[in-house]
Amino acid sequence: METVTFKMDRRHIQMLKDQAEASGRSTAAVVRDLIDRHLGRKKRPSLHDRAKDLCGSVSCARDASTRTLKGYGRD
């Protein structure tokens, strides 16, 4: 690994130290993780990716789109 030096406000340094202490990791590991999450991401996860654990958790008609629509100009 290479070493990188940069300047930060004291409040950002404190936030970084607090996060590192809370997670039991080094400040460098926290910075690497933040960079991976915010800069290394090539594609944003889709809504399905975010909610796929909820798929199938609601019961309804097998094909809910076949129900009659009243009051929507189709009656």
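FYI, it's all coordinate maths here, none of it is from the lab. Computed from a predicted structure; not experimentally measured. Don't worry about glycine lacking a Cβ; one is built from the backbone with ideal geometry, like all the others, and counts go over all protein chains shown.
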(Q) Quick check: residue separation of K7 and V58 times 0.36 nm, minus the Cα distance between them. What number comes out in nm? (A) 13.3 nm
Q: May I ask which residue of I35, Q14, G24 lies farthest towards the positive end of the charge dipole of the stretch 1-43, with charges of +1 (Lys, Arg) and -1 (Asp, Glu) on Cβ and the Cα centre as origin?
A: I35
Q) With +1 on each Lys and Arg Cβ and -1 on each Asp and Glu Cβ, how big is the dipole of the stretch 1-43 about its Cα centre, in debye rounded to the nearest 20? A) 220
Q. How much net charge surrounds I13 when only other residues with a Cβ under 13 Å from its Cβ are counted (Lys, Arg +1; Asp, Glu -1)?
A. +1
